[in-house]
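Chemist: Following this message is one structure expressed as structure tokens.
All of the numbers you see were taken from the coordinates with simple rules; none came from a lab. Computed from a predicted model, the values in this text were never measured in an experiment. No Cβ is skipped: glycine too gets one built from the backbone with ideal geometry, and neighbour counts run over all protein chains shown.
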Amino acid sequence: MDGGGGPRAGARRGARDGAARRGILTGRRMFIVFEGIDGSGKTTISNRVAKLLRRRGRAVAHVREGGEFAQPLVSRLREFGKDRRNFELEPVAELLLYAAREAQLIADAVRPALASHDLVFADRYLYSCEVLACDGRGLARDIVRPIVDATACGLWPDLVVLCDADPHIARARRKARKIAKTAAGPRDDRGGGSRKSLGGVGMAHRMRSGYLALAAREPARWLVVDNTWSRLDDVVDRVVGVIDAIASGAPVADAIARARAAPFASPPAADEPTAGAAARAFFAFVEDRAEREPGVAAYLLSGLDDDRAWALRRQLAADEPALVAYSIRGMNSEAAWQLRAALVDDAPYQVARSLAGNAVDPRRAADLRERLAAHQPLGVVASLRGDATEAAWRLRRRLADAHLLAVVASLAGD
């Protein structure tokens, strides 16, 4: 993938030369891809950049506006790959499936948009196929690259924006998004995550390393932006600045180099190597995160029984009731019970689930489960996991006919 030679570089040059002759890729027309691991913020950043540039009068087409594909076939291919029921899909089959999705998206959306817009954005491109296959699944690059190159048919982006995020923060964002959607309850009894999320926590770390390696091999095309410690507005402004510079005639490499020269925010550090200093640094980080990503901040408080944690929960409860309820799961302090009472109307499902665990007062838990069982049966049943009390068995028998799968799952131990 080096910029000076190889089949991919040659294909890029040929594609651009031909596109320029057809009037598709002029000096002002650009194909821009946003890449990164799940939870890195690429969808948020790409949509914010597109919105800002449109306000400035530029014609921007985003082929995955708001995180959704406009093309039904592309969406169905994506859902097939995400469906955890297809967990046994072999790595080569998965690669071919995702390549098929990208090929369809290129034909249905990317190439038509390049004919009529100044800027065309894609939230992920074939780089994601390569990183998932090679770094995530362990396939050899000499198997993967010919497939990826054949799928591209010479169409490669003018600029790649790598939204880089610490995998732990990225995971917190994904979890927070999912939990926030369950304030009133889940859609079904199945639970679980997507196929890729079932790959384990190491998957995100390997894929992040893979993306950074691609960026390092082609620094004249890849702009790496920090989306862990930096403010979202600062990240968006930097990306917009690079795009504006290129659109005004600056070489891509020069625009990226100027942006790279300006440092991003640094992670917080403990002022001394002690547990107390580490705790202070952690809560300072969570307080800062509460201003820009309150759901993530609430998620990071999960299980923490500390005066600072309770103060932050009370601060966040109105905006993030489901996440705050999630954060007190299994807790039995009076502060936890007060929050359950305050949140039960706004986040009944997560309040019900917060009753799980042997530490929770069984009498108070049984009373609240009885109150919630009629309209939050799945949350109540989930809170019975590993509970062998007679009250728990009565609830299981009452709810088994309507929610057998969830009841069976509750029989597992902690």
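Chemist: Stretched out fully, how many nm does the piece from Ala220 to Ala265 gain, at 0.36 nm a residue minus the Cα gap?
Modeler: So the extension gain works out to 13.9 nm.
Chemist: Hey, fewest Cβ within 10 Å first, where do Ser40, Ser116 land in order?
Modeler: Numbers: Ser40 28, Ser116 11.
Fewest-to-most ranking of Ser40, Ser116: Ser116, Ser40.
Chemist: Tell me, what is a quarter of the convex hull surface for the C-alpha atoms of region 260-414, in nm² with one decimal?
Modeler: Average of the hull's projected areas for region 260-414 equals 12.0 nm².
Chemist: Could you work out the percent of alpha carbon pairs in the chain separated by over 42 Å, rounded to a whole number? It would help to have the intermediate numbers written out before the result.
Modeler: Values: 20272 of 85491 pairs.
Of all Cα-Cα distances in the chain, 24 percent exceed 42 Å.
Chemist: Would you mind calculating the relative contact order of the chain from Cα pairs under 8 angstrom and at least 6 residues apart, reporting the percent as a whole number? Walk me through the numbers before you get to the answer.
Modeler: Working: 579 pairs, mean separation 68.1, N = 414.
So the answer I get is 16 percent.
Chemist: Long-range amide H contacts for His62: which residues qualify at under 5 Å (H placed 1.01 Å from N, peptide plane, sequence gap of 5 or more or a different chain)?
Modeler: Phe121
Chemist: Quick one: Karplus J couplings for region 112-118, per residue in order, coefficients 6.51, -1.76, 1.60, θ = phi - 60°, nearest Hz, x for Gly and Pro?
Modeler: Computed from phi, the couplings for region 112-118 are x, 5, 5, 7, 9, 10, 5 Hz.
Chemist: Sticking with this one: R0 = 25 Å: FRET efficiency of Leu405 with Glu334, Cβ-based, nearest 0.05?
Modeler: So the FRET efficiency works out to roughly 0.10.
Chemist: Please give me, ordered by residue number, the GluC sites (Glu not before Pro) of region 72-162 that lie in loop per DSSP and have at most 10 other Cβ atoms within 10 Å.
Modeler: Qualifying residues, ordered by number: Glu88.
Chemist: So what J values fall out for region 305-311 if you push phi through Karplus, 6.51 cos²θ - 1.76 cosθ + 1.60 with θ = phi - 60°, rounded to Hz, Gly and Pro as x?
Modeler: Once θ is set to phi - 60°, the couplings for region 305-311 become 10, 8, 4, 5, 5, 5, 5 Hz.
Chemist: Next up: Mind checking which lysines have their Cα closer than 19 Å to the Cα of Lys51? Skip sequence neighbours fewer than 8 apart in that chain.
Modeler: Excluding near neighbours in sequence, the set is Lys42.
Chemist: Between helix 334-343 and the chain, what is the angle of the helix's C-alpha long axis to the longest principal axis, kept within 0 to 90° and rounded to the nearest 10?
Modeler: 60 degrees
Chemist: Follow-up question, since we're still on this one. Mind checking the full-extension length gain between Glu370 and Arg398? Use 0.36 nm per residue of separation minus the Cα-Cα distance, one decimal, nm. Numbers along the way, then the final one.
Modeler: Numbers: separation 28, 0.36 × 28 = 10.08 nm, distance 1.11 nm.
Length difference between fully extended and current span is 9.0 nm.
Chemist: What's the extension gain from Ala391 to Asp233 if we count 0.36 nm per residue and subtract their Cα-Cα distance?
Modeler: Full-extension gain reported as 51.7 nm.
Chemist: About the Cα centre of the chain, how large is the charge dipole given +1 on each Lys and Arg Cβ and -1 on each Asp and Glu Cβ? Please answer in debye to the nearest 20.
Modeler: Magnitude of the dipole: close to 1080 debye.
Chemist: Follow-up question, since we're still on this one. Pull up all non-local amide H partners of Leu139: gap of 5 or more, or a different chain, and H-to-H distance under 5 Å with H placed in the peptide plane.
Modeler: Under 5 Å from the amide H of Leu139 lie the amide H atoms of Cys134, each far enough along the sequence or on another chain.
Chemist: With θ set to phi - 60°, apply the Karplus curve 6.51 cos²θ - 1.76 cosθ + 1.60 along region 147-152 and write out the HN-Hα couplings as whole Hz, x wherever there is a Gly or Pro.
Modeler: 5, 5, 5, 5, 5, 5
Chemist: Which three lengths, in whole Å and largest first, does region 319-393 cover when its Cα atoms are put on their principal axes?
Modeler: Its Cα atoms span 36, 25, 17 Å along the three principal axes.
Chemist: Going by amide H atoms built from the backbone, whose H comes under 5 Å of the H on Ile37, apart from near neighbours?
Modeler: Correct list: Ala165.
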